[in-house]
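Note sheet for the following structure.
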Amino acid sequence: MIGSEAEIRVRLTEKGVHKYHRLVHLRPAMIGEPEEDIYTFQCTIGQAKFYFFKFGEDAEILSPAELRDEFKNMYQQAADLYQKKERIL
């Protein structure tokens, strides 16, 4: 994907690890061995957003901080949509 690569640190649940091994399309490259449940990847920010957003609660972005904040905001906006009273169709 377009952009310069960055080091992305992600905490994966057991389900998240399973998803990582199963979902191969645009999967970022893992760097080294995981430290407990924390995995490090080398990829663009765009690739990390596209790939890990679908993991939901099974992936927590730890760094970089800007990407973590972006995930928090995207998930919050989605949750806010569902917390509104029933929408008129």
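The values are calculated or read from the model by the stated rules, or taken from the named source; none is laboratory data. Treat the numbers as computed from the prediction; the structure is a model and nothing was measured. The protein model used for the area step is the full one, side chains on, heavy atoms only, and it has no ligands, DNA or RNA in it. Shrake-Rupley method; radii C 1.70, N 1.55, O 1.52, S 1.80 Å.
Observations on the model:
- Remark: the stretch 51-62, residue by residue, has Karplus-estimated 3J(HN,Hα) of 6, 7, 4, 6, 6, x, 6, 8, 9, 10, 6, 9 Hz, where x stands for each Gly or Pro and the curve is 6.51 cos²θ - 1.76 cosθ + 1.60 at θ = phi - 60°.
- For the chain, the spread of Cα coordinates along the three principal axes comes to 49, 29, 24 Å, biggest extent given first.
- Within the accessible area of the stretch 5-89, the carbon and sulfur atoms contribute 52%, probe 1.4 Å, all protein chains present.
- Counting only lysines at least 8 places from residue 72 when in the same chain, those with an alpha carbon closer than 19 Å to its own are 49, 54, 84.
- Relative contact order of the chain, taken over Cα pairs closer than 8 Å and 6 or more residues apart, is 36 percent.
- The chain, accessible area per residue, ligands and nucleic acids excluded (1.4 Å, Å²): 72 Å²
- Placed amide H near residue 62: partners under 5 Å, 5+ positions off or other chain: 9, 10, 11
- Between helix 65-83 and the chain: long-axis angle, C-alpha atoms, 0 to 90°, nearest 10: 30 degrees
- Given their separation in residues at 0.36 nm each and the Cα-Cα distance between them, residue 78 and residue 50 gain 8.5 nm when the chain is fully extended.
- Between residue 65 and residue 22, the contour length at 0.36 nm per residue exceeds the Cα-Cα span by 12.8 nm.
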